[in-house]
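Participant: Sharing a structure below in structure tokens format, with a few things to ask.
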């Protein structure tokens with residue numbers, strides 16, 4: 001059984017994958033992780049989550065705490081790691097035993113936190129590496145992929161979402177529904193270009209995604225242009241529902257105007 005569950009990074013498809021035919025690409029972020037503890041350190045889990053698990057295991061009670069270095073409120077999957085860790089703790093197992101039942105279970109926990117969840121964040125936290133997801137009518141098709149080595153990715157924190165997370169997601173989803181066909185097409189094309197290391201197509205489609213995200217208020221034009229105009233930058237887009245910017249570039253960034261969360265340029269984990 002895993003003792004530590006990583007954060008996740010959903011690079012493409014944060015809203016497209018909610019709709020049939022939509023696609024997403026992401027991976028676990030091993031630098032950050034969460035684990036369950038029976039000693040009073042870190043954060044105690046909520047009564048609502050404990051009650052959801054009480055019928056499964058008498059282990060899940062008020063003595064369960066979590067320890068985590070995952071940044072919160074910026075969309076890196078702290079709640080997904082928590083749900084995976086709690087489910088593993090309750091069952092004393094991990095997702096390799098029965099993936100379908102596993103994800104159905106952890107999704108019920110994530111629904112407690114987010115209202116209605118897709119389960120994608122939990123899939124990414126539990127994944128063995130980068131995955132490409134396609135939404136079907138009832139589930140997801142999942143394909144392992146190799147991240148390209150032709151360029152790097154830097155993740156920057158631009159804001160914490162202090163307002164209710166459910167309301168934020170509902171608002172952005174509502175705005176994106178007005179341009180959904182274009183957003184889904186740009187997401188699919190961006191994923192294909194990213195995996196294929198096709199610089200020209202990647203730049204084209206990420207610029208379109210960035211413009212759509214600016215239009216619906218997910219990210220600001222000013223934040224994006226701070227990085228998009230730098231030399232060797234291929235594209236900039238919001239990730240983590242707008243809590244972070246992802247900057248894809250041929251070389252490390254020359255100037256950073258926001259806190260760096262993670263980067264392939266200096267990731268040695």
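Participant: Do you know which residues across the stretch 212-221 are farther than 14 Å from residue 245 by Cβ and in a helix (DSSP H, G or I)?
Facilitator: Across the stretch 212-221, the qualifying residues are 212, 215, 216.
Participant: Could you list, ordered by first residue, the pairs with Cβ atoms under 9 Å in which the first is in the stretch 217-229 and in contact (Cβ under 8 Å) with a residue 40 or more places away in the chain and on the phi > 0 side of the Ramachandran plot and the second is surrounded by 13 or more Cβ atoms within 10 Å (Cβ to Cβ) and in a helix (DSSP H, G or I), at least 6 apart or interchain?
Facilitator: Hits for this filter: 217/171; 217/172; 217/175; 217/242.
Participant: Working carefully through the options 190, 235, find the one that is surrounded by 18 or more Cβ atoms within 10 Å (Cβ to Cβ), modelled with pLDDT of 95 or more and assigned to a strand (DSSP E or B).
Facilitator: Result of the check over 190, 235: 235.
Participant: Sticking with this one: Being buried (at least 20 other Cβ atoms within 10 Å of the Cβ) and modelled with pLDDT of 95 or more is the filter here; which residues of the stretch 214-225 pass it?
Facilitator: Selection gives 224 alone.
Participant: Hey, another quick one. Take the conditions over 16 Å from the mean Cα position of the chain (by Cα) and in a loop (DSSP other than H, G, I, E, B) and apply them to residue 265. Does it pass?
Facilitator: When the stated conditions are applied, residue 265 passes them.
The values are calculated or read from the model by the stated rules, or taken from the named source; none is laboratory data. Note that the structure is a prediction, hence the values are computed from the model and not measured. Positions of Cβ are generated from backbone atoms using ideal geometry, with glycine treated the same way; all protein chains shown enter the neighbour counts.
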